[in-house]
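Let me begin by presenting the structure, written as structure tokens, before commenting on it.
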Amino acid sequence: MTVDEIKGLIEEILYIWGEPLDFADLSKILFDIDKKDIKTALKESIEERNNKNTGLIIRKYSDTYQFSTRKSTDKYLEKLVAKSEKKLTNSTLETLSIIAYKQPITRAEIDKIRGVNSQSTIDSLLDRGLIVEKGRLDKIGKPIIFGTTDEFLKYFSISSLEDLPEIKIGDDNENK
């Protein structure tokens, strides 16, 4: 099978699936194709779609891939797709940013940083799939630790946590 044929198969799979699909699952679907060839075809497909300025691009979120539209066309598409999803509140964004930068983190640690009880905000973030329970600490009470998900990466259109903006603490004049 040629690289172009593999690219076509990958694009068909991503189109039909709709949701982010990780490389392991893609490899299982394309069971009779070498993983190296799949990676090559996937990389080429991503580059070609970005360079040709096609309507649909392939976005990478952590180790998952999904067909997506370009941000530059949102103004045209938002009229077509009614967004029923509620925006994140300031308190939810605050909690989510603490989790993103400090993960893994417990609710008690989040509450200490925020100065308020964060349980309902955490529940909301769990319901939306932006955070997930990553396990429990080996401490008294076995507190749950939280971290972000691939849905978090998708929501903010970033590929990995390394793409988060750097936090600058304090006044720049103090560092002079």
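Under a point-charge model restricted to the Cβ atoms of Lys and Arg (+1) and Asp and Glu (-1), what is the dipole moment magnitude of the chain relative to its Cα centre, in debye to the nearest 20?
Value, rounded to 20: 520 debye.
Kindly write out, for the range 3-9 in residue order, the coupling ³J(HN,Hα) from the Karplus curve 6.51 cos²θ - 1.76 cosθ + 1.60 (θ = phi - 60°), rounded to whole Hz, with x marking Gly and Pro.
Coupling constants for the range 3-9: 4, 4, 5, 5, 4, x, 4 Hz.
Ordered by residue, what ³J(HN,Hα) values in Hz, to whole numbers, does the range 26-37 give under the Karplus form 6.51 cos²θ - 1.76 cosθ + 1.60, where θ = phi - 60° and Gly and Pro are x?
Working through the residues one at a time gives 4, 5, 5, 5, 9, 4, 9, 10, 4, 4, 4, 5 Hz.
Pull up the cross-link candidates among the lysines for Lys134, meaning alpha carbon to alpha carbon under 17 Å and not fewer than 8 places away within one chain.
Lys102, Lys142
Can you tell me which of 109-116, 63-70, 134-141 comes out highest on packing, and rank the rest after it, using the mean Cβ neighbours within 10 Å?
63-70, 109-116, 134-141
Based on DSSP H runs of at least 4 residues, each adding -39500 (n - 2.57), what is the mean residue ellipticity at 222 nm of the chain after dividing by all its residues, to the nearest 500 deg cm²/dmol?
After summing the helix terms and dividing by the residues of the chain, the value is -13000 deg cm²/dmol.
Test of understanding: what is the full-extension gain from Lys28 to Glu5, defined as 0.36 nm times their sequence separation minus their Cα-Cα distance?
Length gained, Lys28 through Glu5: 6.6 nm.
Please calculate how many Å² of accessible area the chain carries per residue, with a 1.4 Å probe and no DNA, RNA or ligand atoms counted.
I get 69 Å² per residue for this part.
Taking H placed 1.01 Å from N in the peptide plane, check which residues at least 5 places from Ile145 or on another chain put their amide H under 5 Å from its amide H.
Close amide H contacts, sequence-distant or interchain: Lys134, Gly135, Arg136, Leu137.
Distance cut-off 18 Å, Cα to Cα: go down the list Lys7/Lys154; Lys7/Lys35; Lys7/Lys28; Lys52/Lys79 and report the pairs above it.
Beyond 18 Å: Lys7/Lys154; Lys52/Lys79.
How much net charge surrounds Met1 when only other residues with a Cβ under 15 Å from its Cβ are counted (Lys, Arg +1; Asp, Glu -1)?
-4
Starting at the first residue of the range 115-131, write each ³J(HN,Hα) from the Karplus equation 6.51 cos²θ - 1.76 cosθ + 1.60 with θ = phi - 60°, in whole Hz, x for Gly and Pro.
Going residue by residue, I get x, 9, 5, 10, 4, 5, 5, 4, 4, 5, 5, 5, 4, 7, x, 7, 10 Hz, with x marking Gly and Pro.
What number do you get for the chain when its Cα radius of gyration is normalised by 2.2 N^0.38 Å, N = residues?
1.27
Hand me the trypsin sites (Lys or Arg not before Pro) from the range 4-61 located in a DSSP loop with no more than 11 other Cβ atoms within 10 Å, in residue order please.
Here the sparse-neighbourhood loop sites are Lys52.
The values are calculated or read from the model by the stated rules, or taken from the named source; none is laboratory data. This structure is a prediction, so every number in the text was calculated from the model and none was measured. Virtual Cβ from ideal backbone geometry, glycine too; neighbours counted across all protein chains shown. Note: areas computed on protein heavy atoms with side chains; ligands, DNA, RNA excluded. Shrake-Rupley method; radii C 1.70, N 1.55, O 1.52, S 1.80 Å.
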